Amino acid sequence: MSSVEKVERDKKANESVKVSKERKKLPLWLAGLILVLAGGSSYATIRLLTYVPPDVEPPVITLKGEPEIELKLGSEMPYEDAGATAWDERDGELSVATELPKIDVWKAGEYEVKYVVTDESGNVAEATRKVRVVAPTPVEGAVYLTFDDGPSEHTARLLDVLKKYDVKATFFVIGRDMDELIKREYDEGHSIGLHTFSHNYAYIYRNQNVFFEDLTAIQNKVRDITGHTSMLMRFPGGSSNTVSALYDGGTRIMSRLVTEVEARGFRYFDWNISSGDAGGVSTSDEVYNNVTSRLGPGEWIVLQHDTQGFSVDAVERIIQFGKKNGYQFKPLTMESYGAWHGVRN
Ligand SMILES: [Zn+2]
C-alpha cells in the first residue's frame, strides 16, 4: 500500500466514523420531539403540529340502479329516476344534484341524466346515466291517417294530438270557412288534399265541367291560404261511389273522371281501411277497433272524418297502438303508395 493510498483509506475511515456519529444523533432528536409532543401537550396541540394536505380528491358518485336503462316506446309515464349517492373521503356523505331531461316515451331516442356533486374543498364530480327509448322493430309498410270533409270544430284538438306524437297526416278539405285551420294543418307539416269545394254529390257529379270547376275552387282556396298548389285529391264518396249514378244522366261519370283527373296531373286516393265513422259507427271504441284490427304488414290508408268528434277522440289511441307496434305514420304525397277502389259507375 502506497502512502497516498493509506492517506485516502484513513480519510474514508474518518468520514464513515463521522457519518455514523451523526446517525446516532438522529434518534435523540426524534426522541426529544416525541417527548415534547407527548409530555404535557394536549391532543389539540398535536393537531396543530400535524400537517394536513389539501383535499384534491373529488367525491365518488354511486348511481342507484343500472347506469343504462332501456324503455320500450310508450312505456308508462313518467320516467322515475332512482337517484345517486356521493361519498367524499374528507367530507363523508354529500347530496347529489340531478339534472333530469324531459324524457318523451313516445319518441325513440337517447337521453342523459346528469349527476353533479361538489365537496367542501370545491372538488367536483360528475356522473351520467343513459336512458334509451327504444322503438319496436318497424313493421314493413306504413299507416297514412287521412281525414275528410274538414276542417271542423274538432280539427284543432286533432292537430294537437298529431303534434304531441309528431305524426303527419293528410287532410282532404272542402270549402268551409275555417281558413286558419287549413293554414295550421299545412304549417304543421300535414298534407292537404282536395275533396271538392261543395262536396255536393248532386252538383259535382252532374257533369265533368262542373266537377272540375268545383275541384279548382278548393284548389285555389288552399293555394290562397297556404301558397301551395295541391294536386292530391279524393272523390267525395270515393272512386267506387255509385251515388254519382243518380245525378250523371247515365253517363258513367266516375269512369271518365278517374282518367281525367290523372290526365290533368292530379293524383287521387281512396282508402283500404275504413273507420266506419261516416255511417254505422258512433263510438270512439268502434273506430279504434275498426282501424287497429285491420292493421298488419303493408301500406294502410285509413279513412276518418275530422267532422266527427268521436272519431277524432280515437286518434290518440290509434297512434299509441301504432307506435307501440312498430308502424310508421306518414302523410300522403304525389309519390305515395295508393289504394284504389274499382270504379262502379
Ligand atoms: Zn267526403
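Could you please find all residues in region 327-336 being surrounded by 15 or more Cβ atoms within 10 Å (Cβ to Cβ) and in a loop (DSSP other than H, G, I, E, B)?
Of region 327-336, the ones surrounded by 15 or more Cβ atoms within 10 Å (Cβ to Cβ) are 327-332, 336.
The answer is Tyr327, Gln328, Lys330, Pro331, Leu332, Ser336.
Which of the residues that make up region 169-182 are away from the ligand (no atom under 16 Å from the Cβ) and either crowded, with 17+ Cβ neighbours inside 10 Å or of a type in the set (Gly, Ala, Ser) (or both)?
Correct list: Leu181 only.
Can you confirm whether Ile182 is in a helix (DSSP H, G or I), in the same structural domain as Ser239 (by TED's automatic domain parsing), touching a Phe, Trp or Tyr at 6+ places or on another chain (Cβ under 8 Å) and modelled with pLDDT of 95 or more?
On the way: in a helix (DSSP H, G or I): yes; in the same structural domain as Ser239 (by TED's automatic domain parsing): yes; touching a Phe, Trp or Tyr at 6+ places or on another chain (Cβ under 8 Å): yes; modelled with pLDDT of 95 or more: yes.
Yes.
So which of Ser121, Ser198, Ser152 is touching an Asp or Glu at 6+ places or on another chain (Cβ under 8 Å) and surrounded by fewer than 15 Cβ atoms within 10 Å (Cβ to Cβ)?
After applying the criteria, what remains is Ser121.
If we keep just the residues of region 72-99 that are under 29 Å from the mean Cα position of the chain (by Cα) and surrounded by 17 or more Cβ atoms within 10 Å (Cβ to Cβ), which is nearest to Gln320 (Cα to Cα)? Don't jump to the end; show me each part of the working.
Narrowing region 72-99 to residues under 29 Å from the mean Cα position of the chain (by Cα): 72-84, 96-99.
From what's left, surrounded by 17 or more Cβ atoms within 10 Å (Cβ to Cβ): 73-74, 79, 81, 84, 96.
Details: Leu73: 9, Gly74: 7, Tyr79: 17, Asp81: 24, Ala84: 32, Val96: 36 Å.
Result: Gly74.
Mind telling me which of the residues Thr137, Thr155, Thr98 ends up being closer than 14 Å to Thr62 by Cα and of a type in the set (Ser, Thr, Tyr)? Give the steps one after another, and end with the answer.
Details: Thr137 fails: closer than 14 Å to Thr62 by Cα; Thr155 fails: closer than 14 Å to Thr62 by Cα.
It is Thr98.
Quick test of your reading of the structure: Gly298 fulfils all but one of (1) within 16 Å of the ligand (Cβ to nearest atom); (2) closer than 20 Å to Gly141 by Cβ; (3) assigned by TED's automatic domain parsing to the domain that holds Phe172. Name the failing condition by number.
So the condition that Gly298 fails would be (1).
Here's the yes/no breakdown for (1) in a loop (DSSP other than H, G, I, E, B); (2) closer than 19 Å to His199 by Cα:
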| position | (1), (2) |
| --- | --- |
| Gly265 | yes, no |
| Trp271 | yes, yes |
| Gly280 | yes, no |
| Asp285 | no, no |
| Asn289 | no, no |
| Val302 | no, no |
| Thr307 | yes, yes |
| Phe310 | no, no |
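Are any of the residues in region 190-199 under 29 Å from Leu100 (Cβ atoms), at pLDDT 95 or above and touching a Phe, Trp or Tyr at 6+ places or on another chain (Cβ under 8 Å)?
Looking for residues that are under 29 Å from Leu100 (Cβ atoms), at pLDDT 95 or above and touching a Phe, Trp or Tyr at 6+ places or on another chain (Cβ under 8 Å), one finds none in region 190-199, hence no.
The values are calculated or read from the model by the stated rules, or taken from the named source; none is laboratory data. All figures in this text were calculated on a predicted structure; none of them were measured in a lab. Methodologically, a virtual Cβ is constructed for each residue, glycine included, from the backbone with ideal geometry; neighbour enumeration extends over all protein chains shown.
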